[in-house]
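Right, one structure below, let's go through it.
Read the figures in this text as sums done on the coordinates, not as results from a lab. Here the structure is a predicted model, which means the values were calculated and not measured.
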Amino acid sequence: MLKKFLALSSLLSMILLTCGCEMTPKAKVTSAGGSGIAEAQLEAYDGPKARIAVSRFTDKTGKGWWTGAIGDGMSDMLATALFNTNRYIVLERQALQEVLEEQDLGASGRIKKETAAPIGQIEGAELLVTGAVTEFQAGSGGIGGGVGGTVGRVVGGVLGGIRKSHIAIDLRIIDTRTSRIVAATSVEGEARDFNLGGILVGSGVGGGLGGYSKTPMEKAVRIALGEAVKFIAERTPQTYYHFK
């Protein structure tokens, strides 16, 4: 059994070396500048917060893969990540219509007065994050197929391949009072996976991105959005951190 395992491991290593692929996901931020925020994010934050909202992501690739649900899913993922930094009061915008309907229901008199949601208390965002996907390549490159021979008879063949996915997102942070762009950048995510018989490791994604669950594209999206959060936290002017 050990000989079989070593033979398979050797085969996989040769495949990876031959195609020159890497197993480690990559990420990079272009045109961002400044020092990194990674060290600061390792420390717990309990200071004043900035009030921020994330708009629906848009598609600038023109490749026909896009849906509104994908845009909502990516903005939801970014909003959740920003909330988890504990640096922002994140205002819901994707479900705002449902909030308004609940308030209207309370104002109709059909709900007990002391429990009805009051009108006129929705908070406004001082900062608005917009995102546009400019590059999207799902499962591009790599190799695939089966391997037979002696090792194939032992392990039943290696079915699968190496897939690479890439995404680039243009981000803008906008002051809602003046419509001025406070900061802008482009973040990229890239991931490669070796697919053995269709088995890929990853965590699920919701919304319109569900079709990319457990694929290199899911990893690429998460990597890019992680870099987006770092950039937003780094480039938010200190004057906006004034809410308790």
**Study point:** Chain lengthening between LYS60 and SER108 when straightened (0.36 nm per residue, less Cα-Cα)
**Key:** 13.1 nm
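Distance check, please: which entries in LYS164/LYS230; LYS49/LYS219; LYS49/LYS112; LYS63/LYS219; LYS63/LYS164 exceed 22 angstrom between their Cα atoms?
Numbers: LYS164/LYS230 24 Å; LYS49/LYS219 29 Å; LYS49/LYS112 34 Å; LYS63/LYS219 20 Å; LYS63/LYS164 18 Å.
Cα-Cα > 22 Å for LYS164/LYS230; LYS49/LYS219; LYS49/LYS112; rest within.
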Check your understanding: Could you name the aspartates and glutamates in cross-link range of LYS214, using Cα to Cα under 13 Å and dropping any fewer than eight places away on the same chain?
Key -> ASP193
**Study point:** Interchain or long-range residues, amide H under 5 Å from ILE89's placed H
**Key:** ALA50, ARG51, ILE52
